[in-house]
Amino acid sequence: HLLTPARFAVTNHRQATGRTITAGELAARMSITGDVATRLLDALDTPTTPTAPPDTSPRVNGAQLVFGGAA
C-alpha cells in the first residue's frame, strides 16, 4: 500500500528538483522510517543516493526561469 505514494513522491521530487530523491527525503516526505524508505526505493528500483547535484536555479511552478537571452 506504500508503493503508489512512494512512486508519486519519487516522480514529483525528480520533476521539482531534477535529481533522485534520497531515502531520508522520502522518509521525511512520507513520515516513515529510513529503513522502510530504503526498501521502497529498492522495490521501485530507484537509486538511494542522488545522481546529480541539486538544481539551484529559480523556478516557478516547476518551470526553470531563464533570464537574459538574445536581444
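Heavy atoms of the protein only, probe of 1.4 Å, neighbouring chains included. What is the accessible area of Arg19 in Å², nearest 10?
30 Å²
With unit charges on the beta carbon (Lys/Arg positive, Asp/Glu negative), name the residue among Thr22, Val10, Thr33 whose Cα is farthest towards the positive pole of the charge dipole of the stretch 1-50.
Val10
The values are calculated or read from the model by the stated rules, or taken from the named source; none is laboratory data. Because the structure is a prediction, the values reported are computed rather than measured. Counting neighbours? That spans all protein chains shown, and the Cβs are built from the backbone with ideal geometry, glycine included. Note: areas computed on protein heavy atoms with side chains; ligands, DNA, RNA excluded. Shrake-Rupley method; radii C 1.70, N 1.55, O 1.52, S 1.80 Å.
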